[in-house]
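Q: There's a structure below that I have some questions on.
The values are calculated or read from the model by the stated rules, or taken from the named source; none is laboratory data. Since the model is a prediction, treat every value here as computed from it, not as a measurement. No Cβ is skipped: glycine too gets one built from the backbone with ideal geometry, and neighbour counts run over all protein chains shown. Heavy atoms of the whole protein, side chains included, go into the accessibility calculation; ligands, DNA and RNA do not. Shrake-Rupley method; radii C 1.70, N 1.55, O 1.52, S 1.80 Å.
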Amino acid sequence: MTCQTGFSSNYMLLKPNELKFMDLFHILFSSDIQKGKFMDCRHSSTTREVYSFRHRWIIFISIVAQKFLMFMAKPIAGMGRLIEKWLNLLRNNGNFGRLLVNLVRGKVEKADKEGENFISFIGNLDRRVELDHSIKHEDGSRYYAALAMMASKASYENKAYIQKTVTDHWKMEYIGFFDYWNDYQDKATTQAFLLHDKNNDHDTIVVAFRGTEPFDADAWCSDFDLSWYELPNIGKIHGGFMKALGLQKNDGWPNEPSKDNKRSAPLAYYAIREKLRELLSGNDQTKFILTGHSLGGSLAILFPAILAFHEDKMLLERLEGVYTFGQPRVGDKHFGQHMEETLKENGVRYFRFVYGSDIVPRLPYDDKDLMFKHFGTCLYFDRHYKGKVVTDEPNKNYFSPFGAIRMKANAFMELIRSFTISHSRGPEYREGWLLRGFRIIGLVIPGIPAHCPQDYVNATRLGPSDLFLSTPN
């Protein structure tokens, strides 16, 4: 199936499936790399684009990483299943000693991957289920931020777990958990769930997109795919994220999805849009919010971008806010300006949470070779969970000699904090051995543990309550 690009005025597409061994040398040592089958691009200028070595090196890393992930997808997934099963066996049986005793007695509490008590690897890093009941709906955006982060964390779990969490613990209406098709990966690799938070004083639907799972090679391919498309009068947008949201391989972004018998699941954008139209039609006071962690945050902010592209005024007017956590950059400066105008015009609040040294919000690079830039309100939190409103996170591209020393020192203090936070903040903030192991990794690569949901949940709960009052939107 060939990709039609008529919907895009300019584009740069990487095709790891077409990559040959000799192409690797072509990428590194030729400034004219547009001749290879592994790359397809169109620029508004009449002259061919000349790529600097640094730009070619980034493309090299991107396309090789995708090729490797595609090759290793099954082994990575298999390893993830074994690790998750082992973690759940330990949890179900109490500890390793009790697991051995139960094994001898033939009474091992098994782990059912589809069961309501099975927890993902991400969930084992932070097992909290309950909402913080000290944060009320009257707290406005702070309430939605806390609910959105817990929903983003829950999105990594299976359907039964999410349903039990929403109905039994949060006392809200569970609408559904769905798998969505990616035309470019020829499989359902995007997930999201919907819930209804309704009370006498509020009526809100929450759409939570799942982020990148540690052992999901397809999701990592979306992250590493530096392809981009330029939409007329909107700007350039990250291609991997658009594909995950529902970009159609033959048609781009038509108002309605084309019929394709090869799809065994619907496309995320179109299916969620129709579901929202159905749910919102019953009450003109019902609003909705969009949220997600990591890759999920990218999909959450791209969703209103495509609504605007389709001029869907009804849904944009009913969109209460967008709350993203550890979200990577999704577009260029023009896209950011367009989105800020669109969100402001429709009264939509957009909060982009960044914790400490989290590496993901600092990718892809914001420099002369890559055009990606953040936009909107950035709420930045340090290791003490003191928050402030900034235009961009400190050390915006992560890699710097001076920043590395500061980040590693901060990672060491976070490791120390993992042993003391339950005493200073309360037992619900206790960190387990798995997360502490991740903190140790942070001594080498500080940005990895800082991306975990634990710190973002803490930021929404322990951050200053008046922070949202000082935001410009």
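Q: Mind checking which residues of region 430-446 are open to solvent by less than 10 Å² (accessible area, probe 1.4 Å) and under 22 Å from Ala154 (Cα atoms)?
A: Those that are open to solvent by less than 10 Å² (accessible area, probe 1.4 Å) and under 22 Å from Ala154 (Cα atoms): Glu431, Leu435, Arg439.
Q: Do we have any residue at all in region 202-215 that's in contact with an Asp or Glu (Cβ under 7 Å, 6 or more places away or on another chain), at pLDDT 95 or above, closer than 26 Å to Met339 by Cβ and surrounded by fewer than 24 Cβ atoms within 10 Å (Cβ to Cβ)? Let's see the steps before the verdict.
A: To start, the set of residues in region 202-215 that are in contact with an Asp or Glu (Cβ under 7 Å, 6 or more places away or on another chain) comprises 204, 206, 212.
After this cut, where a residue has to be at pLDDT 95 or above as well, the list is 204, 206.
Of the ones still in play, those that are also closer than 26 Å to Met339 by Cβ are 204, 206.
Checking which are surrounded by fewer than 24 Cβ atoms within 10 Å (Cβ to Cβ) leaves us with 204.
The answer is yes; a qualifying residue exists.
Q: Right, next: All but one of (1) among the hydrophobic types (A, V, I, L, M, F, W, C); (2) more than 19 Å from Leu370 (Cα to Cα); (3) without any contact (Cβ under 8 Å) to a residue 40 or more places away in the chain; (4) open to solvent by less than 30 Å² (accessible area, probe 1.4 Å) hold for Phe121; state the number of the condition that does not hold.
A: That leaves (3) as the condition not met.
Q: Return the pair list, or none, for Cβ contacts closer than 8 Å from residues in region 417-428 that are more than 13 Å from Tyr385 (Cα to Cα) to residues that are among the basic types (Lys, Arg), at least 6 apart or on different chains.
A: Between residues of region 417-428 that are more than 13 Å from Tyr385 (Cα to Cα) and residues that are among the basic types (Lys, Arg), the close pairs are Ser418/Arg436; Ser418/Arg439; Phe419/Arg436; Ser422/Arg430; Glu428/Arg128.
Q: With the condition kept exactly as written, say whether any residue in region 175-186 is at pLDDT below 95, open to solvent by 30 Å² or more (accessible area, probe 1.4 Å) and under 20 Å from the mean Cα position of the chain (by Cα).
A: Within region 175-186 (the criterion being at pLDDT below 95, open to solvent by 30 Å² or more (accessible area, probe 1.4 Å) and under 20 Å from the mean Cα position of the chain (by Cα)), the answer is yes, since at least one residue qualifies.
Q: In this structure, is Asp132 open to solvent by 30 Å² or more (accessible area, probe 1.4 Å), among the charged types (D, E, K, R) and touching a strand residue (DSSP E or B) at 6+ places or on another chain (Cβ under 8 Å)?
A: Considered against the rule, which asks whether it is open to solvent by 30 Å² or more (accessible area, probe 1.4 Å), among the charged types (D, E, K, R) and touching a strand residue (DSSP E or B) at 6+ places or on another chain (Cβ under 8 Å), Asp132 comes out as no.
Q: Name the single residue that is surrounded by the most Cβ atoms within 10 Å (Cβ to Cβ) among those in region 392-417 being of a type in the set (A, V, I, L, M) and modelled with pLDDT of 85 or more.
A: Out of the qualifying residues, it is Ala411.
Q: In this structure, is Asp112 touching a residue at least 12 places away in the same chain (Cβ under 8 Å), surrounded by fewer than 16 Cβ atoms within 10 Å (Cβ to Cβ) and farther than 22 Å from Gly211 by Cα?
A: When the stated conditions are applied, Asp112 does not pass them.
Q: Among the candidates Val348, Val389, Val360, which residue alone is modelled with pLDDT of 90 or more and within 30 Å of Ile59 (Cα to Cα)?
A: Result of the check over Val348, Val389, Val360: Val360.
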